[in-house]
Structures are given as structure tokens and as C-alpha cells.
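Reading through the C-alpha cells given below for one structure.
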Amino acid sequence: MPVLDLLDLSAACPPGTPWLGLDLGEATIGVAASDASRLIASPLELIRKTKFTPDAERLFKLMDSRKASALIIGLPVNMDGTEGPRAQSCRAFARNLERIRPVNVAFWDERLSTSAVERFLIDELDLSRKRRADVVDRTAAAWILQGALDRVRDQATWI
């Protein structure tokens, strides 16, 4: 399955199946999951990167266990809207997943998602630096996924 536009993703996925959201970092992959109705995103897991194939296998295992039908991958677009090396790395990650197994993928602009999550964890939850390090990537994945879910839901109400 090629990468899809976010607003076309619902039509490519069976109804009542959740989606997973990914925050791809240099050393970790934050993973979040939606509920089956695709209304709410929740942090799920942090995958510590080793090599691509075992990381992909872990991700596919999470998808299978939740019966997830798509991945929303955070795309780190520059503030001016251009794509740099990190965005290209995310696109390459999606292409490499496709080589292992067909998967529905859409990207979501993740500009400032980690910063917003960090501020929330500090200001609202008063988490220490150590505790934030343990939760920030999967919470950022939930932030990314929730933004995408909200966008899809908002588009559906305008039709």
C-alpha cells in the first residue's frame, strides 16, 4: 500500500479498526494507539531502536495485537514548511516498512509536538527530567495521532 493522504486513509481501512501513531526519534520510536472508533489516542509503548528489521517486527506485532489497520507517522517538517533530513528519514522508514509488509501509512505534520508535550509534562504534571524521558516519545506519538484523528473527524463533519 502506498503512502496515503490522511483524508483518504479512512476509506482504505476497515471500519472499527484502530490506528497506531509513531514518533520516530533517533534512538526510540514512540508508539500510540487509538481506540477502535478512532476518537482517542493513548500512549502505548516505547521501542528502543536496535536494527530496522527487529524494530519493524515489534511494530507489526503491536499492530497485529491491536488489529490496527494503519500507521500515522509524525513528519518533522521545518518551521518554514520544507522537509529536511529528519523528514526524509521518516519517509524512508515508511518505504522500508512497505518492503517487509504492506501497510496503510499517512504522515502528520509533527512540528513542535515534542515541545508541546514537554511543556505539558512539566507545567501540568510536574514530572522530573528522568520521568519525562521515559514518557515523552510515546506521549508525543499520542499527540501526533490525536491531531490526525481530529483532522479526519473534522473533515468528515464538513462533508
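The values are calculated or read from the model by the stated rules, or taken from the named source; none is laboratory data. No experiment lies behind these values; they were computed from the predicted model shown. All Cβ positions, even for glycine, are placed from backbone atoms using ideal geometry, and neighbour counts span all protein chains on display. The protein model used for the area step is the full one, side chains on, heavy atoms only, and it has no ligands, DNA or RNA in it. Shrake-Rupley method; radii C 1.70, N 1.55, O 1.52, S 1.80 Å.
Return, ordered by residue number, the residues of segment 1-29 whose backbone nitrogen is under 17 Å from a label point located 7 Å along Cα→Cβ of residue 39. Backbone N within reach: 15-19. Placing one equal scatterer on every Cα of segment 1-78 and applying the Debye formula, the log10 ratio I(q)/I(0) at q = 0.23, 0.25 Å⁻¹ is -1.18, -1.32. Choose one of 72, 54, 34: the residue whose Cα lies farthest towards the positive end of the charge dipole of segment 26-80 (beta-carbon charges +1 Lys, Arg; -1 Asp, Glu; about the Cα centre). Of the candidates, 54 comes out farthest on the positive side. Using a 1.4 Å probe over the heavy atoms of the protein chains, calculate the carbon and sulfur portion of the accessible area of segment 1-71 as a whole percent. Exposed carbon and sulfur together represent 57 percent of the surface. Residue separation of residue 67 and residue 89 scaled by 0.36 nm, minus their Cα-Cα distance, works out to 5.3 nm of gained length. Ranked by the mean number of other Cβ atoms within 10 Å of their residues, highest first, the peptides 64-73, 22-31, 9-18 come out as 22-31, 64-73, 9-18.
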